[in-house]
Amino acid sequence: MELKDLIDTRGEWMRGEGPDADIVISSRIRLARNLAQFPFLTRADDSVRSEIERTLHRHVVDLSLGGQISYFDINQLEGIDRQFLVERQLISRELAESHGSRGVCFTRRENVSLMVNEEDHLRIQVLHCGFELDECWQEISRIDDLLEERVTYAFDEELGYLTACPTNVGTGIRVSVLMHLPALVLTKEIQKVFQALQKISLAVRGLFGEGSQAMGDFYQISNQITLGNSEEQLLRKIKDVVPNIISYERKVRQALIKESRQALHDKVSRAYGTLKSAQSISSEETMHLLSSVRMGVNLGLIDDLEIPTVNDLFMHTQPAHLQKMRKTSLDSADRNAARASYLRQRLALPQDRTDA
């Protein structure tokens, strides 16, 4: 499989299905692991990095991950291809921007990816659409067990799994849920959510995780520290908190419909109209307008658009996706024009067709 083939597919987490999918875009679990016989990457020179990559490459491509898998040498990819993988949530920004031997292995469905030589020697990631943390945990635990039969992890009987960052020591697990919270943002109630999450040591990040800004009212809720907590405790913490945020968002949406339906409908319709007619539009503005449209679809204010199509638009209007579709490098102004053209064409199509 080549990267360009992904343009015509929809990743598992973008299907717009699953429990509470109107608000929870995806559930994700990552595990950080290191090989016992090698130093952490902060102390590894290029030759050691290469040896780590060769060792893990050999093992991960033979794993039973469910369906067709592909492995890419990140060091050999162009910048636009690395950004493309970031936009599809298959690799982190850190892996894309790092140096030396590193790679990624992922499934055709894009629900499993394994990053080699990111911050740690190995980062295992499982993504599901909707609120499905239990399913993510079952799958990632199975993959972790398969790998542990082949390699020896850096592990301490007292501390647990050893990781490059002290906050990940122990289980090495990062549990996160990507949520769409436009009503809480619109009513400025989102700050109350942030404050409550901070008090219980949960982090709030943007669409692309650590170091990214929130755009389009998307927020990743995740644990900050693993040391001293079991996998089950960390999963339970997120599973207890997220339903409260879902309920809060739904309550505010219904209040907006009841108390200011006309104003909300007008906001949604203007956003939809702009997306269908703009001649030039930035990525940030597109995200914010699509956020309103997505809420409008879920509230029944727009009846000729499906959520999977909206999710596609979020993805395909990202800079690297646009350039991959156009098969050429574009500067900012050209991207804005290409983005507007793509939106006009896509939104003019009948929405009852079967998307890839």
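The values are calculated or read from the model by the stated rules, or taken from the named source; none is laboratory data. None of these values were measured; they are calculated from a predicted model. Reconstructed Cβ throughout: ideal geometry from the backbone, glycine too, with neighbour counts over all protein chains shown.
A few notes on this one:
- Residues (under 21 Å from Asp46 (Cβ atoms) and in a loop (DSSP other than H, G, I, E, B)) located in segment 101-112: Ser101, Arg102
Each row is one residue, and each column tells you yes or no for (1) over 16 Å from Ile29 (Cβ atoms); (2) under 19 Å from the mean Cα position of the chain (by Cα); (3) surrounded by 22 or more Cβ atoms within 10 Å (Cβ to Cβ).
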{"site": "Val116", "(1), (2), (3)": "yes, yes, yes"}
{"site": "Arg150", "(1), (2), (3)": "yes, no, no"}
{"site": "Thr171", "(1), (2), (3)": "no, no, yes"}
{"site": "Lys192", "(1), (2), (3)": "yes, no, no"}
{"site": "Ser201", "(1), (2), (3)": "yes, no, no"}
{"site": "Ile225", "(1), (2), (3)": "no, no, no"}
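- The single residue among Arg58, Arg82 that is surrounded by 19 or more Cβ atoms within 10 Å (Cβ to Cβ), out of contact with any strand residue (DSSP E or B) (no Cβ under 7 Å at 6 or more places or on another chain) and assigned to a helix (DSSP H, G or I) turns out to be Arg82.
- No other residue among Ser280, Ser260, Ser212 is surrounded by fewer than 19 Cβ atoms within 10 Å (Cβ to Cβ), modelled with pLDDT under 95 and in a loop (DSSP other than H, G, I, E, B) apart from Ser212.
- Of the strands (runs of 3 or more DSSP E) lying entirely inside segment 113-205, the ones with 1 or more residues being over 22 Å from Ser70 (Cβ atoms) and in contact with a Phe, Trp or Tyr (Cβ under 8 Å, 6 or more places away or on another chain) are found at 173-180, 202-205.
- Filtered by the rule that a residue be touching a strand residue (DSSP E or B) at 6+ places or on another chain (Cβ under 6 Å), closer than 23 Å to Glu139 by Cβ and assigned to a loop (DSSP other than H, G, I, E, B), segment 217-254 gives a lone residue, Thr226.
- Total residues in segment 95-106, condition in contact (Cβ under 8 Å) with a residue 40 or more places away in the chain and surrounded by fewer than 20 Cβ atoms within 10 Å (Cβ to Cβ): 1
- Residue count for segment 3-55 satisfying the condition of being surrounded by 15 or more Cβ atoms within 10 Å (Cβ to Cβ), acidic (Asp, Glu) and in a loop (DSSP other than H, G, I, E, B): 2.
- Considering segment 295-337, and only residues there that are farther than 18 Å from Asp81 by Cα and free of Cβ contacts under 8 Å to residues at least 24 places away in the same chain, the residue that is surrounded by the most Cβ atoms within 10 Å (Cβ to Cβ) turns out to be Val297.
Every residue, every condition in (1) touching a Pro at 6+ places or on another chain (Cβ under 8 Å); (2) farther than 30 Å from Phe314 by Cα; (3) free of Cβ contacts under 8 Å to residues at least 40 places away in the same chain, yes or no:
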site	(1), (2), (3)
Glu149	no, yes, yes
Tyr153	no, yes, no
Pro166	no, yes, no
Leu186	no, no, no
Ala203	no, no, yes
Phe218	no, no, no
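Let's see how each residue does on (1) farther than 15 Å from Leu56 by Cα; (2) charged (D, E, K, R):
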site: His128; (1), (2): yes, no
site: Arg142; (1), (2): yes, yes
site: Leu147; (1), (2): no, no
site: Val151; (1), (2): no, no
site: Glu157; (1), (2): yes, yes
